[in-house]
Amino acid sequence: MLKKLDILIIRSFIGPFIITFFVALFVLVMQFFWLYMDELIGKGLSIWTILQLLVFMSTTLVPLALPLSILLASIMTFGNMGENFELVAIKSSGISLLRFMRPLTIFILFVSGLAFIFNNNIIPVANLKALSLLYDVRNSKPTLNIKPDQFNGDITGFSIRVGSKDEDGFTIHDILIYDHSDLSGNNKVIIAKEGQMIPTADKQALIFRLKDGWRYEEGSEHGTHAADYPQTRMHFQKWDKVFDLSQFNFTRHNEDLFKNSYQMMDVKQLSEAIDSFGRTRKNSGVVISSYLAPYMSITASTKEGEQIKTNLKEHTAAVPTFDSSFMEMIPTDKKVSILQTTVNNLRNLKSMLDNNCLLDKLQKENYLKFAIEYHRKFALSFACMLLFLIGAPLGAIIRKGGLGMPLVFAVVFFITFHILNITGEKLAKSGTLPTLAGMWMSTIILMPLAVWLIITARNDSRIFTRELYERIWRRIKAVFPQKERKLV
């Protein structure tokens, strides 16, 4: 009997889980494209590049889509059983809710383990592929788009304006080209009445076949100022101006440049990096002391330092109250040089301390980034179990199946979890909270809620039913009876 129930609950859960997982993943991917739409459009990207970006980004969003799908699927599964009175029949046969949840709990533990393996081994590779590809896409130039009556400066070293374009998209009129490719200003100008834009077969160049125009040049080829040489004007009946379009090609950078980022590391690599940052920060005090020591003349074993210490001992022995100036202890012929040396040393010390403080700040920021990523791999994996422990009793309480009420509750609780997760991460990144507390803040806050929901569902409390609150409202009204109005 129990084995059949275990198989029943697992089969009832897997279907909605798979569907909701792909729906959640699709929504998250569409959100990504919505955010980066302006940077992707007009780049002339191939279908293969877009598909690669889609696959890589989908992979990186799996850790976020998985807890949401588990939460929604668990609410739907237990909500359907509650709506069809299957939970009532199971409880009446002496099987508790916790025993009924056991097979799914084991299944979610298995899913959480797979999620950790995925986060630790697949996500770093997917992040490397996705973020490096996204970097190349965002830094690639848009395709050349010359519009009428607008100057276009997409081609490096040229500013192009056309008065009008024919419907064929190639024939242009009233062409004006400023050539400043030699970095000497607009000393070369091309004007033509009409022409054609002809791309080469390999798309690496664009030919402007100009007709009936003029070329104006100022100065000489050796870069002499235009004031020393007259302007040169040349008329042409037909002339081809070739523009290099190789700069618009989509190029990929070497992925090894991104491998040292914290997002591209697994748990072992992150742990080693965190230990390295910790040792570096611990030794920072010793390093700073070694930098400061050569500038402390009074403690240095130099001739000047020994002379200062001797004068200091003699003066303090003769004058116990020490009410005179420190400068009186320094030999007269050494005062100016010592003051100059002191000022220079203080400036050097200030600059050195500022640099070390900045370096320590950067080391701390990097340490926090690596520590946050380390805890993220565990926290997002455990989130699968946490949201299941919220969704399963919640579905048993609301007793509604389908995508209506379960979707509303799933979205509310997932948004709450996501906001707490982001808030904790920001607090940890700013150093307000320890990294452990910040990254596990959502779990710490929502775990008592999960326990309360399990206890409530086990006791058959219907806290989300309309009848409960109507009954409470009637009792409140009964405590405060309304006075009958007297007719005047």
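The values are calculated or read from the model by the stated rules, or taken from the named source; none is laboratory data. Note that the structure is a prediction, hence the values are computed from the model and not measured. All Cβ positions, even for glycine, are placed from backbone atoms using ideal geometry, and neighbour counts span all protein chains on display.
When residues in the range 79-118 are screened for being without any contact (Cβ under 8 Å) to a residue 60 or more places away in the chain, closer than 19 Å to Pro16 by Cα, of a type outside the set (D, E, K, R) and surrounded by 15 or more Cβ atoms within 10 Å (Cβ to Cβ), 0 of them pass.
Each residue in the range 391-425 was checked for being in a helix (DSSP H, G or I) and surrounded by 14 or more Cβ atoms within 10 Å (Cβ to Cβ), and 23 pass. None of Leu71, Leu45, Leu87, Leu28 is farther than 17 Å from Ile398 by Cβ and part of a helix (DSSP H, G or I) except Leu28.
Working only within the range 53-67, note down all residues that are among the hydrophobic types (A, V, I, L, M, F, W, C) and closer than 15 Å to Phe382 by Cβ. Of everything in the range 53-67, those that are among the hydrophobic types (A, V, I, L, M, F, W, C) and closer than 15 Å to Phe382 by Cβ turn out to be Leu64, Leu66. Condition check for Leu64 on (1) exposed (fewer than 15 other Cβ atoms within 10 Å of the Cβ); (2) in contact (Cβ under 8 Å) with a residue 40 or more places away in the chain: one failure, at (1). Annotation for the range 208-215: at least one member residue is in contact with a Ser or Thr (Cβ under 9 Å, 6 or more places away or on another chain), at pLDDT 85 or above, surrounded by 13 or more Cβ atoms within 10 Å (Cβ to Cβ) and not in a loop (DSSP other than H, G, I, E, B). Scanning the range 94-115 for residues that are part of a loop (DSSP other than H, G, I, E, B) and touching a Leu at 6+ places or on another chain (Cβ under 9 Å) yields a single hit, Ile95.
Listed by first and then second residue, the pairs with beta-carbon distance under 6 Å, at least 6 apart or on different chains, first residue in the range 335-350 and surrounded by 10 or more Cβ atoms within 10 Å (Cβ to Cβ), second assigned to a helix (DSSP H, G or I), are Asn345/Tyr295; Leu349/Tyr295.
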